[in-house]
1. Can you find, within segment 41-61, the residue that is nearest to Lys5 (Cα to Cα) among those that are surrounded by 12 or more Cβ atoms within 10 Å (Cβ to Cβ) and without any contact (Cβ under 8 Å) to a residue 40 or more places away in the chain?
2. Please enumerate the residues belonging to segment 22-35 that are on the phi < 0 side of the Ramachandran plot and loosely packed, with under 11 Cβ neighbours inside 10 Å.
3. Of everything in segment 1-55, what is β-branched (Val, Ile, Thr) and part of a helix (DSSP H, G or I)? Give them in sequence order.
4. Take Thr6 and tell me if it is surrounded by 10 or more Cβ atoms within 10 Å (Cβ to Cβ) and modelled with pLDDT under 95.
5. Quick check: anything in segment 36-43 acidic (Asp, Glu), out of contact with any strand residue (DSSP E or B) (no Cβ under 8 Å at 6 or more places or on another chain) and modelled with pLDDT under 95?
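The values are calculated or read from the model by the stated rules, or taken from the named source; none is laboratory data. Since the structure is predicted, the reported quantities are computational estimates derived from the model, not experimental observations. Neighbour counts are summed over all protein chains in view; Cβ atoms, including those assigned to glycine, are modelled from backbone coordinates with ideal geometry.
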Amino acid sequence: MSNSKTFEKSVQELDGIVSKMESGELSLDESLKLFEKGVKLTRECQKSLADAEAKIEKLMSGIKAD
């Protein structure tokens, strides 16, 4: 995820995309573009979560070693 976009901002943006898509007011083309953007944001969020989990595991392993 880019440095300028936080995890929280990405989740908020995803929420907005879902709301727009659920409204049923978008054309097929608009829906596909938003879906593509949503998939990209989801992957970025998953990577951020995996990175955070790895960091936590590393910190916790240091605590267990003490």
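1. Leu41
2. Glu22, Ser23, Glu25, Ser27, Leu28, Asp29 - these are the residues of segment 22-35 that are on the phi < 0 side of the Ramachandran plot and loosely packed, with under 11 Cβ neighbours inside 10 Å.
3. Val11, Ile17, Val18, Val39, Thr42
4. Yes, satisfied.
5. no
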